[in-house]
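S.K.: My structure is below; once you've seen it, I'll send some questions.
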Amino acid sequence: MRIATFFLTLLFIVVASMPLYAASERCPRHQVKTNLKSKLAGTRVYKGTSDGFSDYLLGHHRGNSKVLGFVNQSDIYTKLNYKFDVKKIGENRYCVNLEEVKGNFVAAPKLYLPTDYKKSSCEYQQIHKHEKRHLQVVYDFHKRNTGKYAAQLGRIARTVPVFKPVTSKEEVNQTKQSIKNYFEQQFRGFEAKSMMQLNAMQAKIDSPSEYIGVRKRCNNW
């Protein structure tokens, strides 16, 4: 009878301790706040010769191609900043959770116009008009995608994987980096697709019929 009581007590202790042990092996799900700010910077205008533009964009072996003006949209980007929460859940055991992601969606296009033609000339006016169409595409893209980018941050935040507890500062940093890598991979893939759409819209402006029309409007190319 005493033996049975002993085993029953031992069994109760083991079973009662299991949930506490299991809980220590798991970290809580991430509760991530996301926020996106957008900034459309003023467009900077740069002047140069068409030969200089051509060498810059096409190289010295450009053949008969010539660049009279262009819009540089390389400064369209989103910078992401991460905030983490590290909680101690036991002796030398820590949980790393993503707490907040803040994004800055910036568009700062640059306009390059040629010094080959006077500002009052038909040729300069046509080049300027053409490049302003490219600029408008950038402005529209930034405005249209601000909400989409913000929504994408929220979608990714809900799918961030939960990592097991770690036991050292080095593992804490590794876990933070793994979470960042996951978030960056998901967002940058989405961002790359949107940039492909932007480039496709810009390509429509640079159609053969557009260039033919521009050339026909002026006589001193």
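S.K.: Taking Ser178 as the residue in question, decide whether it is under 18 Å from Phe84 (Cβ atoms), among the small types (Gly, Ala, Ser) and surrounded by 11 or more Cβ atoms within 10 Å (Cβ to Cβ). Reasoning before the result, please.
M.R.: Values: under 18 Å from Phe84 (Cβ atoms): yes; among the small types (Gly, Ala, Ser): yes; surrounded by 11 or more Cβ atoms within 10 Å (Cβ to Cβ): yes.
Yes: the conditions hold for Ser178.
S.K.: Same structure again: When the residues of the range 97-121 are filtered to those that are β-branched (Val, Ile, Thr) and part of a strand (DSSP E or B), which remaining residue is farthest from the chain's Cα centre (by Cα)? Break it down into steps so the answer makes sense when it comes.
M.R.: Narrowing the range 97-121 to residues β-branched (Val, Ile, Thr): 101, 106, 115.
So of that shortlist, the ones also part of a strand (DSSP E or B) come out as 101, 106.
On the way: Val101: 12, Val106: 10 Å.
Of everything passing the filter in the range 97-121, Val101 is farthest from the chain's Cα centre (by Cα).
S.K.: Any idea which of Ala157, Ala108 is crowded, with 18+ Cβ neighbours inside 10 Å, in contact with a Gly (Cβ under 9 Å, 6 or more places away or on another chain) and modelled with pLDDT of 95 or more?
M.R.: Working: Ala157 fails: in contact with a Gly (Cβ under 9 Å, 6 or more places away or on another chain).
Going through Ala157, Ala108 in turn, the sole match is Ala108.
S.K.: Kindly establish whether Ile212 is farther than 19 Å from Thr146 by Cβ and in contact with a Leu (Cβ under 7 Å, 6 or more places away or on another chain).
M.R.: Details: farther than 19 Å from Thr146 by Cβ: yes; in contact with a Leu (Cβ under 7 Å, 6 or more places away or on another chain): no.
Against the criterion (farther than 19 Å from Thr146 by Cβ and in contact with a Leu (Cβ under 7 Å, 6 or more places away or on another chain)), Ile212 does not qualify.
S.K.: Taking the conditions exactly as written (part of a strand (DSSP E or B) and either charged (D, E, K, R) or over 30 Å from Thr159 (Cα atoms) (or both)), does Val45 satisfy them or not?
M.R.: Values: part of a strand (DSSP E or B): yes; either charged (D, E, K, R) or over 30 Å from Thr159 (Cα atoms) (or both): yes.
Answer is yes for this residue.
S.K.: Select from the range 33-50 the residues that are more than 21 Å from His134 (Cα to Cα) and surrounded by fewer than 15 Cβ atoms within 10 Å (Cβ to Cβ) and list them in ascending order. Break it down stepwise before answering.
M.R.: Residues of the range 33-50 more than 21 Å from His134 (Cα to Cα): 33-37.
Those that are more than 21 Å from His134 (Cα to Cα) and surrounded by fewer than 15 Cβ atoms within 10 Å (Cβ to Cβ): Lys33, Asn35, Lys37.
S.K.: Something else: Considering Glu191, Glu131, Glu210, which residue is in a helix (DSSP H, G or I), more than 29 Å from Lys66 (Cβ to Cβ), of a type in the set (Asp, Glu) and touching a residue at least 40 places away in the same chain (Cβ under 8 Å)? I'd like the intermediate steps shown before the answer.
M.R.: Numbers: Glu131 fails: more than 29 Å from Lys66 (Cβ to Cβ); Glu210 fails: more than 29 Å from Lys66 (Cβ to Cβ).
Just a single option satisfies the conditions, and that option is Glu191.
S.K.: What pairs can you find where one residue is in the range 70-88 and aliphatic (A, V, I, L, M), the other is in a loop (DSSP other than H, G, I, E, B), and their Cβ atoms are less than 6 Å apart, with a gap of 6+ or different chains?
M.R.: Note: pairs meeting the criteria are Val71/Pro109.
The values are calculated or read from the model by the stated rules, or taken from the named source; none is laboratory data. The model shown is predicted, which means the values in this text are computed figures rather than measured ones. Methodologically, a virtual Cβ is constructed for each residue, glycine included, from the backbone with ideal geometry; neighbour enumeration extends over all protein chains shown.
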